[in-house]
1. For the chain, set up a Gaussian network in which alpha carbons nearer than 10 Å are linked by springs, and say which option among 71, 47, 21 fluctuates the most.
2. Roughly how many nanometres apart are two label points built 7 Å out from the Cα toward the Cβ at residue 12 and residue 46?
3. Hey, can you list the DSSP H helices of the chain whose Cα span along the axis is 24 Å or longer and whose average Kyte-Doolittle score is at least 0.0?
4. In nm, to one decimal, how far is the residue 19 label point from the residue 80 one, both placed 7 Å along Cα→Cβ?
5. For the stretch 25-74, state which trypsin sites (Lys or Arg not before Pro) are in a DSSP loop and have at most 13 other beta carbons lying within 10 Å of their beta carbon.
6. For the chain, what is the calculated [θ] at 222 nm in deg cm²/dmol (nearest 500), taking -39500 (n - 2.57) for each run of four or more DSSP H residues and dividing by its residue count?
7. For the chain, which longest stretch is free of loop sites, where a loop site is one of the GluC sites (Glu not before Pro) that DSSP puts outside H, G, I, E and B and that has at most 14 other Cβ atoms within 10 Å?
8. For a quick check, take a GNM of the chain with Cα springs below 10 Å and name the residue from 64, 23, 48 with the largest mean-square fluctuation.
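Since every read-out is calculated from the coordinates, none of them should be taken as a lab result. As the structure is a computational prediction, the values presented were derived from the model and not from experiment. Quick reminder, even Gly has a Cβ in these numbers, built from the backbone with ideal geometry, and neighbours come from all protein chains shown.
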Amino acid sequence: MGTETLDAHDRARLRWRARRGLLENDLLLTRYLDANEKTMTDADVFGLKCLLELGDNDLMDLLLGRTQLSGALDRPEVRHVLDQVRVA
């Protein structure tokens, strides 16, 4: 995976996908994107997209550390983004 940065359209689309039904998820993901979107690698985008496939409650549990990654989600790219979101 390369280290290409997102163009304006891709950033807008990723931000739109990051909008969630739970305000807490919205706030955490927005903070992460504010800090990282201009330097995200392809691996980061992949990891974030994997997290965005989760339902709101499952995502919140992961972000707050109530649950851990498992199964197909337990990948280095997803772990990296999850760690970054948690500290953002």
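1. Maximum fluctuation in the GNM of the chain, among the listed residues, is at 71.
2. For residue 12 paired with residue 46, the spin-label model returns 2.7 nm.
3. none
4. So the two model labels end up 2.9 nm from each other.
5. Loop-located and lightly packed - 66.
6. The per-residue figure over the chain is -19500 deg cm²/dmol.
7. 5-52
8. Looking only at 64, 23, 48, the largest GNM fluctuation is found for 23.
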